[in-house]
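Values in this text are rule-based calculations from the coordinates and carry no lab data. What you are looking at is a predicted structure, and each value in this text was computed from that prediction instead of being measured. Here the Cβ positions follow ideal geometry from the backbone for every residue, glycine too, while neighbour counts run over all protein chains shown.
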Amino acid sequence: MKTGGRVTNWVANGLSRDVVAGVVVPGRWQGVDLAIWRSATGVLRAWKDRCPHRGMRLSHGFVRGEGLSCIYHGWTYGTDGRCRSIPAHPDLVPPAAIRAEALDCAEADGVIWVAGAGEAGPLPAVTGLVPLRSLALHALPGQIAAALPGLRLFPGGLRGVVVLGGIQTSLCLLLQELARGQTMIHALCGPQDDPVAVSRGLEDLRRSIEQGVAA
Amino acid sequence: MIPQAVQDCWYPLAMAALTGPYPGRATQLLGQPIRVFRDAAGTIRVQGDAGADLPVILRFGHVWACPGTPQRDLFTIPEADHPGRRLVDCGVVRVKCSPLRAVENFLDIAHFPFVHTDILGAEPHTEVGRYEVHIREDTDEVWATKVRFHQPQAAMSAEGGIETEYMYRVPAPTAAVLYKTCPARPGDWDVIGIFVQPLTEELCDVWPWMALYDDVTPQAALIQFQQMIFLQDRSILENQIPRLLPLDPGMEIPTQADLTSVAYRRWLKRKGLTYGAQMVAA
């Protein structure tokens, strides 16, 4: 996201607490579909959403222990990305060249961030705020920004103090572009703000933005 | 531009028994609108947008047409004529994928434990042993033989796990037939086919069809079983990237278990049957 001349490759891909150990979820970074998963011991990985064997989306797969398995043929990849088992050939040691394609991922302040491999700058800081929720909108990031003139752009999204859901809140909306004109908002708010009121305020906001987009 | 070799093939378009009078079934073939109907004389006809009739064959309970000039007869399945078999039309499943990916998935056994869990396969019985693949010179078909796999419930008439033997056959670019151990009649084969109608390069209608030795299972249960299997396959087929089938090596990684798929892809490429295929690695 380009923000006031500064460029960061980090894009928020979810809240840490929503990707618990043993799950895989879809993600997206600059038009690239991702599989984001957390191993049994808590290691988080973001990979291109494609098994090199037959192109199946890895986000449809399953996590066992420290590996992510493809749902099509059960090929299993370790946290280092290397294929470590091919169930059709249990005695075969898979060649080292067979591997999932990894992007960089990091977690800070309860947010999951993804960037292109080896090209990320410093993580956008959202220190002092608490993760609230993620919600998808049928709108582009610019349309969301236009609906909230009280917020200012920063690397990763929008932030500032606004009145939402009837209360004043320190709001931070991390913006993630999805396919087909949708945007995922990962919202954080001030530690003293009423999370239920802010959450309802976000739903009202979604309705008004989507109605504006449709009109 | 669609290659002539593609246009000269036969494609399934409808179940003959369900084909009604004009306007009949309005559908698509190779991206073109097409209509299948029964005329006043009761003859099933297939017409393109301009109203011209296409060559038609009625076989295996389905209506087949050729948008170009047929170079050969539609393939046959001699086993289908054996007395005592039940022929079952299983309806249609629309899948947002390349017609070639649908055929390739049908030829694949290694996915049984993961996609058809506890039905056609189950862990830890995941190993695919060595089998044989060849091109039959006389008929120019891809064949895989001596394919063996452990299955928890290979068919409606099966009770408990059995070691099932398969043969696979690709007699046309968008059709595949399998022969599998028949639980009710050891020594005989159940025959199951999929006839794939290419609506576009990335959209197809799949017509499953069976010729079984099974006098017991109700028709509805047989169709339900086959529909369940194909809906499980659809969850895979609509989530492969890219949607087109890559014919050039490098884009995807085959293993020994994929020998049938490798032969099928080479056969398509050699014959120029590239509708639904991706030729250059992305």
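Size estimate for the stretch A:130-214 follows the Kirkwood approach: the inverse of mean 1/r over distinct Cα pairs works out to 12.6 Å. Within the stretch B:22-83, the trypsin sites (Lys or Arg not before Pro) that combine a DSSP coil assignment with at most 14 other C-beta atoms in a 10 angstrom radius are B:R72. Average 1/r across all pairs of distinct alpha carbons in chain A, invert it, and you get the Kirkwood radius: 18.3 Å. For the Cα atoms of chain A, what angle does the longest principal axis make with the long axis of helix A:195-214, in degrees from 0 to 90, nearest 10? So the helix axis and the longest Cα principal axis differ by about 90 degrees.
Computed over chain A with a Gaussian network model linking Cα atoms closer than 10 Å, the most mobile of A:G165, A:G31, A:G81 is A:G31. Here is the list for the stretch A:144-215: trypsin sites (Lys or Arg not before Pro) lying in DSSP coil, each with at most 10 other C-beta atoms within 10 angstrom of its C-beta, are A:R180.
Within chain B, the whole DSSP H helices whose Cα atoms reach 20 Å or more along their own axis and whose mean Kyte-Doolittle score is at least -0.5 are B:219-237. Cys residues of the protein assembly as shown that find no other Cys beta carbon under 4.7 Å: A:C83, A:C105, A:C172, A:C189, B:C9, B:C66, B:C90, B:C97, B:C182, B:C204.
Backbone geometry of the stretch A:163-176 corresponds, through the Karplus equation with coefficients 6.51, -1.76 and 1.60 at θ = phi - 60°, to 3J(HN,Hα) couplings of 9, 9, x, x, 10, 7, 9, 7, 9, 9, 10, 7, 10, 10 Hz, x marking Gly and Pro. Is the C-alpha gyration tensor of the stretch B:112-260 telling us rounded, prolate or oblate? Criteria: a/c under 1.5 is rounded; beyond that, a/b larger than b/c is prolate, otherwise oblate. It is rounded, given that a/c, with a ≥ b ≥ c, falls under 1.5.
Across chain A, the relative contact order, built from alpha-carbon pairs under 8 Å that are at least six residues apart, equals 19 percent. Are there GluC sites (Glu not before Pro) in the stretch B:164-256 that DSSP puts in a loop and that have at most 15 other Cβ atoms within 10 Å, and which ones? Passing sites in the stretch B:164-256 are B:E238. The tail of the calculated P(r) for the protein assembly as shown, taken as Cα-Cα distances beyond 36 Å, holds 43 percent of the pairs. Computed over the alpha-carbon atoms, the stretch A:83-155 gives an Rg to Rh ratio of 1.18, Rh here being the Kirkwood radius from the mean inverse distance.
Of all the C-alpha pairs in chain B, what % are more than 31 Å from each other?
25 percent
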